[in-house]
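To start, the structure under review is shown below, and the notes come after it.
The values are calculated or read from the model by the stated rules, or taken from the named source; none is laboratory data. Quantities reported herein were computed from a predicted structural model and do not represent experimental measurements. Note that each Cβ is placed from the backbone with ideal geometry, even for glycine, and that neighbours are counted across all protein chains shown. Surface accessibility is based on the protein's heavy atoms, side chains included, excluding ligands, DNA and RNA. Shrake-Rupley method; radii C 1.70, N 1.55, O 1.52, S 1.80 Å.
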Amino acid sequence: MRLFSISPAAIIHLFALAHALVVIVSQCVNYIDDVPLTILTVALIVILSLRRRLQSEIIATLTMAGCFFGYLLGNYGARLVSLLVPQETLAAAITTIIVTELIGWAVYGFGSMRNLASNNQFRWSPSVFQVLLFATAILLLRISYTLLFSNSYFASEGIHVEIQRSFSNVFAVMLLLCGDIIFVNLCSRLFRSSVVKSVVTMLFALLFSVVVTLMAYYNIPTGNNAAFEAFSFLKLYAVILLFNIVIITMFKLAAYITTSRAALRSERGERRMAQYQYNRLKLQINPHFLFNSLNILDFLVQEGETERASSFIRKLAGTYRYMLQNEDKIVVPLQEEMDFAKKYIDLLRERFTTGFTVKFSVLREALHGHVVPCCLQLLIENATKHNVVSPEHPLTVEVRVEEDWLVVSNNLQPRISQQACNGMGLKNIRQQYLDISEKEIEVLQTETEFIVKLPLL
């Protein structure tokens, strides 16, 4: 059975219209109640989150944040809309449509940051029932606070006095913020189960709010010698508990965004590394490279150049040995890469006996820098692949260091019929540097020269 088969945009628009319809009916029958709107908001967030296969804990956090900000935006947004739309019912309907759309697209965008959805059909699992349990608890909490704040005891003075009392104690506010930050960090590290995290979070919010309330009630550390009054304490506790829940919710969302970005970067790096290793494997068994190397070896044998042939075989073996040894390495010292490149250049010189020169201008202190494995060899190979190499048209490749850059340049003399080129070599090097250091390589071409600059890491 396929659930939630309609598009996310359609879901958001339908819920926005449903919100507006509830508001219009409520205005017509003169019965204003936030419970139906809260139920619709919770349902919207849960459905969009389930489509993205978000964790139960994150769905609960998003639901809490959506209900809170929906309440604030609905109340204060209605005042702004009423300035433009004098008709009260129409203004309320427009406001709730705008707020619902904002909440819906915010949840959808948040889920898109780490899309865990698969192509498999959606299946109900215990985690879904956990989500429903969390959503019901949040709905009951929202209804409880609505009833509490509309109570005659609260309504007589409002909650402004308690809010002012809470924020007048700087130490209480700092304790609340620092305590929540530490708790969110420790909770994510110590517990894996969403149910355990949620239970521990609720217990922490209830108990820690008592500590902060005591500090604000008695104005600790300066003190105010206030006599304890249960109802006054409970009013202050209710406000501080609400703020505590909201702050924990915001910190949890911020932590999730941070970890999601780190996970995405790690997954992206792993995919790029796998692709890079695959391309390097293709390079190792490159038929053209093997064909040319074997032709050179055959020529040396036919000419009786046994010493040169033996030397060529050792250099060829050393070339492949370096590739295999550094297959899993992310970066290598520049000194090792240059030594490998020189072995590869010796192989090329057996093919290009004249008209091919490589100059190294690298200071000793720069040799401790690091580069991506095989990058220098690949750039030298590209130079010989795409340019004429002959005594009449000598090719010169220069390798030098400029500040924090390894610069590889060659004079331009393009072949009349170039080998097929899709630029994958440079693309792979570019992507490796982005994944490792978030630094770009630079590729420049003038009328006479082709230049590639690699960051020294």
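At-a-glance table
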| read-out | value |
| --- | --- |
| Scan of the range 343-384 for residues that are among the basic types (Lys, Arg) and crowded, with 17+ Cβ neighbours inside 10 Å, ordered by number | 343 |
| Condition check for residue 146: at pLDDT 75 or above and more than 26 Å from the chain's Cα centre (by Cα) | no |
| Residue that is most open to solvent (accessible area, probe 1.4 Å) [pool: residues in the range 188-203 that are part of a helix (DSSP H, G or I) and of a type in the set (Ser, Thr, Tyr)] | 188 |
| Flag for residue 392 being at pLDDT 85 or above, in contact with a Leu (Cβ under 9 Å, 6 or more places away or on another chain), open to solvent by 60 Å² or more (accessible area, probe 1.4 Å) and farther than 30 Å from residue 314 by Cβ | no |
| Residues located in the range 23-35, provided they are open to solvent by less than 70 Å² (accessible area, probe 1.4 Å) and at pLDDT 80 or above | 23, 24, 26 |
| Restricting the range 204-235 to residues that are assigned to a loop (DSSP other than H, G, I, E, B) and of a type in the set (Val, Ile, Thr), the residue that is least open to solvent (accessible area, probe 1.4 Å) | 220 |
| Residue identified as of a type in the set (S, T, N, Q) and under 22 Å from residue 445 (Cα atoms) among 353, 357 | 357 |
| Search result, residues across the range 72-89 that are open to solvent by less than 100 Å² (accessible area, probe 1.4 Å) and in a helix (DSSP H, G or I) | 72, 73, 74, 75, 77, 78, 81, 82, 89 |
| Selection status of residue 399, β-branched (Val, Ile, Thr), open to solvent by less than 60 Å² (accessible area, probe 1.4 Å) and more than 26 Å from residue 308 (Cβ to Cβ) | no |
| Qualifying residues in the range 288-343 (those that are touching a Pro at 6+ places or on another chain (Cβ under 9 Å) and of a type in the set (Phe, Trp, Tyr)) - the one modelled with the lowest pLDDT | 322 |
